[in-house]
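All of the numbers you see were taken from the coordinates with simple rules; none came from a lab. No experiment lies behind these values; they were computed from the predicted model shown. Here Cβ is always computed from backbone atoms with ideal geometry, including for glycine, and neighbour counts include all displayed protein chains.
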Number of protein chains: 2
Amino acid sequence: MRIEETSYEPCKRFLLEIAYDGTDYSGWQIQPHCLAVQEVLQEKLTKLYAGQKIHLIGSSRTDAGVHAQRFAASFLTPKRPDIPPEKVMRAINSQMPVGIKIRTIREVPLEFHARYDTLGKAYTYVLNLGAYSPFIDRYSWHPIHEIDPEKIRAAAQVLVGTHDYSSFVVERNMIDDAVRTIYRIDVDVIGQFCCVTFVGNGFLYKMIRCLMGTLEAAGSGKFSPEKVKEILEARDRSAAPETAPPNGLFLMKAFYTPEERDNFKLDGLPFTF
Amino acid sequence: MRIEETSYEPCKRFLLEIAYDGTDYSGWQIQPHCLAVQEVLQEKLTKLYAGQKIHLIGSSRTDAGVHAQRFAASFLTPKRPDIPPEKVMRAINSQMPVGIKIRTIREVPLEFHARYDTLGKAYTYVLNLGAYSPFIDRYSWHPIHEIDPEKIRAAAQVLVGTHDYSSFVVERNMIDDAVRTIYRIDVDVIGQFCCVTFVGNGFLYKMIRCLMGTLEAAGSGKFSPEKVKEILEARDRSAAPETAPPNGLFLMKAFYTPEERDNFKLDGLPFTF
């Protein structure tokens, strides 16, 4: 059994699902000179465990400004104090800054790995098709062009499947392989919003925001589904339009069982629950 | 004809409806040592009119942290530059910080007064009855107790009518008269939210937040409608519970015609449009 090193003898592993408003954070992962969600949580956990340094392993990174509904992260608990998971959640939530909240907590096997064991993830991107509003600007993208959700739906089908997504990757040279599988892309219209939900086995750096830049162009009538296919097949970032802004994007869920993945369904606007 | 003094010869009067996220502002009205929405807008307008000092008259104040969907405010334009109203709106919105937006603009008579001519206002207070969420915390109050919207509806009827609302006023000694008319209080359940909408001829300082403190207690079963009537009739602030927090409150509309007032209806969660 290989588990990460800790400065204490590990006792149990807890898996958290964390919601956060990404507006005021530099993303999940700790970086110099900015405040990451991971840092805020680790600090509170370390304090809760009497100064024993707690390290969180996240299911992925998220970019600055991107939100999460159920970001998954796990940590190893020390032997003492032995705090039941629900109590950990309540204690941490009670002192969490506005904008971060643990939604669920449960014990998982010691050898569980939040990143390597994930079977995939769901992301939802929110487009505001109505008037610009100061309240939803944090949580949606308001494109300049008029958007037809049917056109997004048609173009999205081209992107589903197992493909080399090099046209939709930033810093392509930093990764070996841009082949991923997108199981499905759902388009839900809820009030004045068009929610595009991606379920896939994994997504590359800024991949969904790159895909959304292209889907926005398709939705406005600029690109046909055939053109989107051409862009995909070009395997070249310069073939595709600009990256969509981060504020419309929500990591909805990290999946650890096939059932979770296959049954995932958006059940409302991601910023209203 | 009596109109406010300006440093230039007044030409026309424009009436604005302004939406703002109150989280990051000290309310509408300019105050020392903090940033008010009025200040942000006046600065942009003064710049647009080549440095001629523009002053806005608002329909009321709003407290720090309270939001607005259609706050009304008017100003007198100088003769030069003569900018059509739609162009004023577009120019100001294009340089507005995230969180403030002019929704409508129109010319009104020179003698129009945004405060004295109002026939009333509508406010909506949003209670989150579901789980706490980082995304809606800015725009709703998440009470600790379980709330039954039917109990709020029943208690609210006691508060409708023409009454002395001294039990629901902060700094009662600062005002001559606490008699106001509430035409109606609507209770709408939308998803996990309970929206309480007050339509009245005018509301006193923190009055709706005081009323909501009492309605929350009624909704949790602590107060019967009879008890709420007692509190109202006591005409004494100490008879009523704590003031509800500002973040759940939205000024929805200032009314200048009886039709606007009588036909007002909440048509969705105030933070999703």
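Ranking B:Leu110, B:Trp141, B:Val158 by how far each Cα lies toward the positive end of the dipole of segment B:85-198 (charges on Cβ) leaves B:Leu110 at the top.
According to the Cα-based calculation, Rg over Rh for segment B:10-108 is 0.94, with Rh computed by the Kirkwood formula.
Label-point spacing for A:Lys222 across the identical copies (point 7 Å from Cα in the Cβ direction), in nm and ascending order: 5.4.
Listing A:Asp63, B:Asp24 from fewest to most neighbouring C-beta atoms within 10 Å gives B:Asp24, A:Asp63. Based on every Cα atom in segment B:120-261, Rg and the maximum pairwise Cα distance Dmax equal 14.3, 42 Å. The charge dipole of the protein assembly as shown, taken about the Cα centre with unit charges on the Cβ atoms of Lys, Arg (+1) and Asp, Glu (-1), comes to about 440 debye, rounded to the nearest 20. Set the Cα radius of gyration of the protein assembly as shown against 2.2 N^0.38 Å, with N its number of residues, and you get 1.09. With its label point put 7 Å out from Cα toward Cβ, B:Thr257 sits 5.9 nm from the same residue's point in the other copies, in order from shortest.
When you work out D = kT/(6 pi eta Rh) for chain B at 10 °C and 1.306 mPa s, using the Kirkwood radius from C-alpha pairs as Rh and the Stokes-Einstein form, the result is 81 µm²/s.
Taking other C-beta atoms within 10 Å as the exposure proxy, A:Arg61, B:Arg2, B:Arg106 rank B:Arg2, B:Arg106, A:Arg61 from fewest upward.
Residues A:Ser26, B:Ser224, A:Ser7, arranged from fewest to most other Cβ atoms within 10 angstrom of their Cβ, appear as A:Ser7, B:Ser224, A:Ser26. In chain B, the beta carbon lying closest to the axis that superposes B onto A belongs to the residue given here with its whole-angstrom distance, B:Thr272, 3. Electrostatic tally near B:Asp148: other residues with Cβ closer than 14 Å to its Cβ, Lys and Arg +1, Asp and Glu -1, net 0.
Here is how the number arises for the protein assembly as shown: DSSP H runs of 4 or more residues each give -39500 (n - 2.57), the sum is divided by the residue count, and the result at 222 nm is -6500 deg cm²/dmol.
What are the nm distances, shortest first, from A:Thr162 to its equivalents in the other copies, labels at 7 Å along Cα→Cβ? Between copies, matching label points for A:Thr162 lie 7.7 nm apart.
From the cross-link list A:Lys151/B:Lys87; A:Lys47/B:Lys222; A:Lys121/A:Lys229; A:Lys265/B:Lys121; A:Lys12/A:Lys121, which pairs have alpha carbons spaced over 30 Å apart? Table pairs above 30 Å Cα-Cα are A:Lys151/B:Lys87; A:Lys47/B:Lys222; A:Lys265/B:Lys121.
Averaging 1/r across all pairs of distinct Cα atoms in segment B:197-273 and inverting the result yields a Kirkwood radius of 14.2 Å. With the convex hull of its Cα atoms as the shape, segment A:5-56 has an orientation-averaged projected area of 4.3 nm².
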